[in-house]
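Down below is the structure, laid out as structure tokens.
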Amino acid sequence: MSLNKLKVNFVDFWPGFNPTTDPVFGKFLQEHYEVEYQVNDPHIVIFSVFGMNHKRYSKENNIKIFYTPENFLLHRYPALDGVLGWENVDLYSHGSITSFNRVGETNHRMPCYVRRYGFDLYDKIENTLPKTISKKDFVYMQSACVEFRDVMVKELMEKFNIDCAGKCLNNTNIKVNDKLEFIKDYNFVISFENSSTVGYSTEKLTDAFVSNSIPIYFGDPNVSQDFYEDSFVNYHSFNNKEEIYDRLNDLISNDELKLEMLQNKRVKNKDLFNGRSFVKFIQKYL
């Protein structure tokens with residue numbers, strides 16, 4: 001069966017982005033369309049936040065879709081003229097693909113971990129590999145240092161032994177070539193976002209799941225709408241830090257509790273990994 005043609009241009013993305021090999025915009029779209037990239041007469045222009053080239057394409061003459069994995073509700077970007085929030089998203093686009101929920105049909109929610117790894121990430125999160133207890137407890141691995149996040153980790157370090165293997169707070173001499181392979185040797189992965197905004201979550205949580213470790217998560221206050229709370233330690237579910245420390249101490253001292261948490265179902269919101277809904281979203285603009 002022949003596929004319908006889709007001509008699409010990508011502009012204002014981050015350096016190194018290659019739409020033809022991207023798990024969603026490349027591989028997945030190519031399974032549903034005969035895709036032509038970067039053409040003179042695109043059906044759709046998909047633009048991100050790292051530039052202003054999208055302004056060469058007017059809404060009157062082009063279908064424009066805004067995509068970003070970034071937190072544009074909190075951080076300012078040139079594509080949106082430095083304006084926070086949805087105002088200029090609506091000004092410059094017909095629809096959007098973002099990490100956030102939004103009332104209406106113009107925004108398709110796609111957290112960055114879905115775009116980064118593809119819709120089959122669900123199977124990797126809910127993997128059937130044997131769940132085991134490791135000898136090492138805590139690891140923190142972060143290359144972009146954010147003050148409040150490092151402070152939170154330092155507070156944990158006062159209570160627990162934590163291996164910091166990234167650029168931030170590094171206390172090891174370990175060179176990590178493969179993050180997922182490295183963190184699977186730990187029972188707990190400190191998975192703190194660089195901000196706390198409703199709906200904004202990244203691969204920090206899902207990387208720990210894929211590696212069959214227990215995430216210690218801070219970021220999206222509504223994360224429990226997407227993932228079952230009995231599969232990770234959610235900072236947002238505790239009244240104070242002492243309650244968090246008590247919970248971690250309970251888990252450290254009880255292998256049965258850790259194993260139970262590792263074996264629990266993880267994904268609550270399966271719609272996030274529904275590729276059909278993404279295809280329908282694209283199709284309605286063609």
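What the table shows:
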{"item": "Scope the range 253-267; condition touching a residue at least 60 places away in the same chain (Cβ under 8 Å) and surrounded by fewer than 16 Cβ atoms within 10 Å (Cβ to Cβ); matching residues", "result": "255, 259, 263, 265"}
{"item": "The listed residue being in contact with a helix residue (DSSP H, G or I) (Cβ under 9 Å, 6 or more places away or on another chain) and at pLDDT 95 or above, out of 182, 188", "result": "188"}
{"item": "Residue that is surrounded by the fewest Cβ atoms within 10 Å (Cβ to Cβ), among those in the range 1-29 that are of a type in the set (Val, Ile, Thr) and outside any strand (DSSP E or B)", "result": "21"}
{"item": "Test: residue in the range 62-73 that is in a helix (DSSP H, G or I) and in contact (Cβ under 8 Å) with a residue 40 or more places away in the chain", "result": "no"}
{"item": "Residue list for the range 193-232, restricted to those being surrounded by fewer than 21 Cβ atoms within 10 Å (Cβ to Cβ), under 22 Å from residue 148 (Cα atoms) and in contact with a Leu (Cβ under 7 Å, 6 or more places away or on another chain)", "result": "195, 197"}
{"item": "Residues being part of a loop (DSSP other than H, G, I, E, B) and under 20 Å from residue 256 (Cα atoms) - total across the range 184-222", "result": "5"}
{"item": "Selection from the range 38-79 of residues that are under 30 Å from residue 204 (Cβ atoms) and among the aromatic types (Phe, Trp, Tyr)", "result": "47, 50, 66, 67, 72, 77"}
{"item": "Enumeration of residues in the range 30-45 that are loosely packed, with under 12 Cβ neighbours inside 10 Å and of a type outside the set (D, E, K, R)", "result": "39, 40"}
{"item": "Residue tally, condition of a type in the set (A, V, I, L, M, F, W, C) and either buried (at least 19 other Cβ atoms within 10 Å of the Cβ) or under 30 Å from residue 193 (Cα atoms) (or both), over the range 53-71", "result": "2"}
{"item": "Hey, residue 50 assigned to a loop (DSSP other than H, G, I, E, B), in contact (Cβ under 8 Å) with a residue 12 or more places away in the chain and either hydroxyl-bearing (Ser, Thr, Tyr) or buried (at least 19 other Cβ atoms within 10 Å of the Cβ) (or both) or not", "result": "no"}
{"item": "Residues located in the range 39-51, provided they are closer than 7 Å to residue 9 by Cβ and modelled with pLDDT under 95", "result": "39"}
{"item": "Filtered residues of the range 164-181 (kept if outside any helix (DSSP H, G or I) and either outside the structural domain of residue 134 (by TED's automatic domain parsing) or closer than 19 Å to residue 194 by Cα (or both))", "result": "164, 165, 166, 167, 168, 169, 170"}
{"item": "Failed item, numbered, when residue 83 is tested on (1) more than 25 Å from residue 220 (Cα to Cα); (2) surrounded by fewer than 18 Cβ atoms within 10 Å (Cβ to Cβ); (3) among the β-branched types (Val, Ile, Thr)", "result": "(1)"}
{"item": "Neighbours by Cβ (under 8 Å, 6+ apart or cross-chain): first from the range 169-191, at positive phi; second among the acidic types (Asp, Glu)", "result": "169/150"}
{"item": "Helices (runs of 4 or more DSSP H) (entirely within the range 223-286) containing at least 1 residues that are over 21 Å from residue 209 (Cβ atoms)", "result": "241-253, 275-283"}
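The values are calculated or read from the model by the stated rules, or taken from the named source; none is laboratory data. This one's a predicted model, so the numbers in the text were calculated from it and none came from an experiment. Don't worry about glycine lacking a Cβ; one is built from the backbone with ideal geometry, like all the others, and counts go over all protein chains shown.
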